[in-house]
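Working notes, structure below.
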Amino acid sequence: MKKLYEEAQKEISKADSLQQIESLRVKYLGKKGKLTQILRGMGSLKPEERPIIGQIANEVREKIENILTETKNKIAQLEKEKKMKIEYLDITMPGKLYKYGHKHPMTQVLDEIKKIFLGLGFSIAEGPEIEFTYYNFEALNTPEDHPARDLQDTFYITSDILLRTQTSPVQVRTMEKTKPPIRVISPGRVYRSDEIDATHSPVFHQMEGLVVDEGITMGDLKGVLNIFAKKFFGEDTRTKFRPHFFPFTEPSAEMDVSCFACGGKGCRVCGYTGWIEILGAGMVHPNVLKMSGIDPEKYTGFAFGLGIDRITMLKYGIEDLRLLFENDMRFIEQF
Ligand code: DAH
């Protein structure tokens, strides 16, 4: 047993992994281990020898257990140190500078507009950018021979499918599936076959508005759009409605706001007129209500449409529309 102990001690001291320690424990102390085998042979001893040998065996077992535990702890400690060396983190190293992004100026403007109308009880409606000719034109009371329907101005995909030229088709889609009262805005991309220059782009952004209920009048139109103008351009803003023509509204108007840059005195921003045109609007044409399944005898409504790109340019004094689309960081970072 003394020899066994010495052998175990020697072997254990050479172990350098936790697996080795475990297999050595099995080798010496396991069920089929060397010490167990010796104890099994105790039957052949004289009865008076057994307790003495038994005691020695227990001592040896205890000693081997001790060096196993000691060595095991030592190895665990070494492994931990090794791991710490590999995973060493140099907290004095210079860090990476993360840049925070921010919203595009046009998104900021749209967010602001949305907030105003949501506050007035409007909700947001959506419609497809690839649209049926029916929704973009016919259902909006725009006849076959209307100049806007020209192949020169509109991107047709087939004769009855096109890229919507305005957000107005969302009016029709909304009326088809919702019973009045209706109060929606619908921002989105629109397309026209225009050459790119400082004020034109084949893709731009509009926001449509629609209110339909019993007893809606031109007074409601003016009231709502006045609130919008004051909230968006400032409390001192005055508005002016000029007669205009749109096929889907009757009567139709364009709304001007007093110039927010000069207060109406006349400057470069307003072309020295004191006024800036910002949207088209009108009372929804009875034909449009009828085609959308709404009884024009019972209900009336008003609609409006504004260009988000245009309002963004006005608000920030941006003189070239292309800047809004090119995403040059030197430009974008100014907002
Ligand atoms: N869809 C018109 C355009 O693209 C804008 C517009 C005018 C929308 C009057 C309206 C409206 O809803 O009532 O020029």
- Quick one: would you say residue 271 is in contact (Cβ under 8 Å) with a residue 12 or more places away in the chain and in the same structural domain as residue 202 (by TED's automatic domain parsing)? no
- Note on the structure: Counting only residues that are within 11 Å of the ligand (Cβ to nearest atom) and either assigned to a loop (DSSP other than H, G, I, E, B) or modelled with pLDDT of 95 or more (or both), the stretch 142-152 contains a total of 1
- Item | Tabulated pairs, the stretch 137-153, first assigned by TED's automatic domain parsing to the domain that holds residue 284, second away from the ligand (no atom under 12 Å from the Cβ), C-beta under 6 angstrom, 6+ apart or interchain | 137/149; 139/291; 141/287; 153/193
- Message: Of the residues 198, 229, only one is in a loop (DSSP other than H, G, I, E, B) and of a type in the set (A, V, I, L, M, F, W, C); which?
- Response: 198
- Task: Could you check how many residues of the stretch 290-302 are within 15 Å of the ligand (Cβ to nearest atom) and out of contact with any helix residue (DSSP H, G or I) (no Cβ under 6 Å at 6 or more places or on another chain)?
- Result: 2
- Within the stretch 303-326, residues open to solvent by 20 Å² or more (accessible area, probe 1.4 Å) and either more than 13 Å from the ligand (Cβ to nearest atom) or acidic (Asp, Glu) (or both) come out as 313, 314, 315, 316, 317, 319, 320, 322, 323, 325, 326
- Residue satisfying all of: in the stretch 154-172; within 11 Å of the ligand (Cβ to nearest atom) and in a loop (DSSP other than H, G, I, E, B); surrounded by the most Cβ atoms within 10 Å (Cβ to Cβ) among these: 168
- Condition met for residue 167 (farther than 20 Å from residue 300 by Cβ, of a type in the set (S, T, N, Q) and within 25 Å of the chain's Cα centre (by Cα)): yes
- Hey, among the residues in the stretch 173-206 that are within 14 Å of the ligand (Cβ to nearest atom) and aliphatic (A, V, I, L, M), which one's farthest from residue 123 (Cα to Cα)? 203
- Query: What number of residues within the stretch 204-223 satisfy the criterion of being closer than 30 Å to residue 298 by Cα and crowded, with 19+ Cβ neighbours inside 10 Å?
  - Reply: 9
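Listed here are the residues, each with its yes/no results for (1) open to solvent by 10 Å² or more (accessible area, probe 1.4 Å); (2) modelled with pLDDT under 95.
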| site | (1), (2) |
| --- | --- |
| 241 | yes, no |
| 251 | yes, no |
| 255 | no, no |
| 260 | yes, yes |
| 266 | yes, yes |
| 269 | yes, yes |
| 280 | yes, no |
| 288 | no, no |
| 292 | no, no |
- Restricting attention to the stretch 83-99, does a residue exist that is free of Cβ contacts under 8 Å to residues at least 60 places away in the same chain, charged (D, E, K, R) and surrounded by 12 or more Cβ atoms within 10 Å (Cβ to Cβ)? no
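The values are calculated or read from the model by the stated rules, or taken from the named source; none is laboratory data. Given the structure is predicted, the values throughout are model-derived calculations rather than measurements. Virtual Cβ from ideal backbone geometry, glycine too; neighbours counted across all protein chains shown. Ligands, DNA and RNA are stripped out before the accessible areas are found, and what is left, the full protein with its side chains, is counted by its heavy atoms. Shrake-Rupley method; radii C 1.70, N 1.55, O 1.52, S 1.80 Å.
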